[in-house]
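Comments concern the structure below.
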Amino acid sequence: MEHPAFKPLMIRQSSLTRLGSMLNTAVGNSKKPANGEIQWCFSQVKGTLDDEITEADIISCVEFNHDGDLLATGDKGGRVVIFQRDPVSKTSVPKRGEYNVYSTFQSHEPEFDYLKSLEIEEKINKIRWLRRKNPAHFLLSTNDKTIKLWKVSERDKRAEGYNLKDEAGEMKDRGVLTGLRVPVLKPMELMVEASPRRIYANAHTYHINSISVNSDAETYLSADDLRINLWHLDITDQSFNIVDIKPANMEELTEVITAAEFHPTDCNHFVYSSSKGLIRLCDMRMAALCDRHAKLFEEAEDPANRSFFSEIISSISDVKFSRSGRYMLSRDYLSVKVWDLHMETKPIETYPVHEYLRSKLCSLYENDCIFDKFECCWGNNDQAVLTGSYNNFFRMFDRTSKRDVTLEASREIARPKTTLKAKKICSGGKRKKDEVSVDSLDFNKKILHTAWHPTENIIAVAATNNLFIFQDKF
């Protein structure tokens, strides 16, 4: 039996424990808003903020590598710019998402197809990183016709003291050699070199829209409008055609392939989307030519919403597996949808991106904006999704709380630690003071390409020729 003298002490200790836990909770919650949502703030912007924009400088793709230390962008001028995360920002408390230019190189040059009398643009359509196996980094980049494998490596030492060459690299007269020297490695200024290791050409009749590296780290796929090819990374002169939807008579063509991606862990599974709003899951174990899909993901159209533009706006512009591999994310013109691989009949979640544009489809058709291809991406833990819109707006959807937010990538917020304020769009009626009217949206400013850091709340948003980097509030 406890002595009565110990009871006040026990009460005081338990009270202190409760008080301590309350203080810890209060301190922990002070870093986030009361609703638990992430507060995004400006970190960096890359590229000039001038009003005059050169066509070649417009960013055409954005991609983090698998650990998020490198961020690559491609542009319409055929250049690839790689940014490396600042080591200090990675280890600081709290962490900061700051990136500096690591390497810049010309990936593709403009070409001319003399057989078809067609110009081949140098624009980079897609970049995909390979998983790292040694100190060097490898990435695939593609334009409309040619895919290249690039090796990006560092060199901080050089060999000196050759026997047959002088310091200028000229050959010495062998007659003057009196002894044998062992060359030595001496430190030099760090140099980052990018060199093409493989060039995969002449395999696509139509424009390449997707590349995806397989989880086996040996193969990858490339997709154009009508075919998907499977490549081995070490073999450049042949590929294997795994999907071919080209009809015998091109007048019977009813759909084209818009995007394709391998499953993140199952090396035999891949998906491809089409302009009909369909997503097909294929299993390469079933047949050599995957013309028959294993699963077909399709949402039945509501007859009440049927219009002249239905087929155009239902076309899927991007499809992405979740990091876990259980779900898929698809983007059409007006919405993003989350699909469960175990349910083909309808998406489990649908998020309207800019529903207020439904009444503007006629004018969007006339200025060709209705054909814009917006990408989408998953958050670092699959609990949020990110996609772009017009007026340099981008949209985020929280799958847990079902909340959504519209944020803007603009030069006005280009100051360190500036918190992004949510934007509200007024689609009709009386506009409030803090709302943006649909009629004032700039359709020339569009965010088509976005990327989310694989493990942290850091996002990269391409706004025309600028790359904005945002992170959670620190």
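The values are calculated or read from the model by the stated rules, or taken from the named source; none is laboratory data. Computed from a predicted model, the values in this text were never measured in an experiment. As a convention, Cβ positions derive from the backbone with ideal geometry for all residues, glycine included, and neighbour counts pool all protein chains shown. Side chains included, ligands, DNA and RNA excluded: accessible areas come from the protein's heavy atoms. Shrake-Rupley method; radii C 1.70, N 1.55, O 1.52, S 1.80 Å.
So the values come out like this:
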| read-out | value |
| --- | --- |
| Extension reserve of the Glu412-Asn249 stretch, reckoned as 0.36 nm per residue once the Cα distance is removed | 53.4 nm |
| Reach of Lys186 by Cα under 16 Å, taken over aspartates and glutamates that are not fewer than 8 positions away in the same chain | Glu154, Asp156, Glu160, Asp166, Glu167 |
| Average Cα contact separation per residue, the chain, under 8 Å, 6 or more apart, as relative contact order % | 14 percent |
| Contour minus Cα-Cα distance for Ser307 and Asn444 (0.36 nm per residue) | 46.8 nm |
| R0 of 30 Å, Cβ-Cβ distance Thr350-Asn381: FRET efficiency to nearest 0.05 | 0.90 |
| Near-label residues of segment 204-232 by backbone N, under 15 Å of a point 7 Å along Cα→Cβ of Gln238 | 230-232 |
| Net +/- balance of residues flanking Lys165 in space, Cβ distance below 12 Å, scoring K and R +1, D and E -1 | -2 |
| Å² per residue, accessible surface of segment 38-470 at 1.4 Å | 51 Å² |
| Gyration tensor verdict on segment 130-171 (Cα atoms; rounded if a/c is under 1.5, prolate if a/b is larger than b/c, oblate otherwise) | oblate |
| Equivalent ellipsoid dimensions for segment 38-470 as semi-axes, Å, which come from the Cα gyration tensor, largest first | 40, 29, 21 |
| Fraction of accessible area attributable to carbon and sulfur, the chain (%, probe 1.4 Å) | 51 percent |
| Rounded if a/c under 1.5, otherwise prolate or oblate - segment 37-151, Cα gyration tensor axes | oblate |
| Cross-link table Lys337/Lys445; Lys46/Lys473; Lys295/Lys360; Lys76/Lys432; Lys95/Lys402, entries beyond 29 Å C-alpha to C-alpha | Lys295/Lys360; Lys76/Lys432 |
| Extension gain (nm, one decimal) between Asn268 and Lys157, 0.36 nm per residue minus Cα-Cα | 35.7 nm |
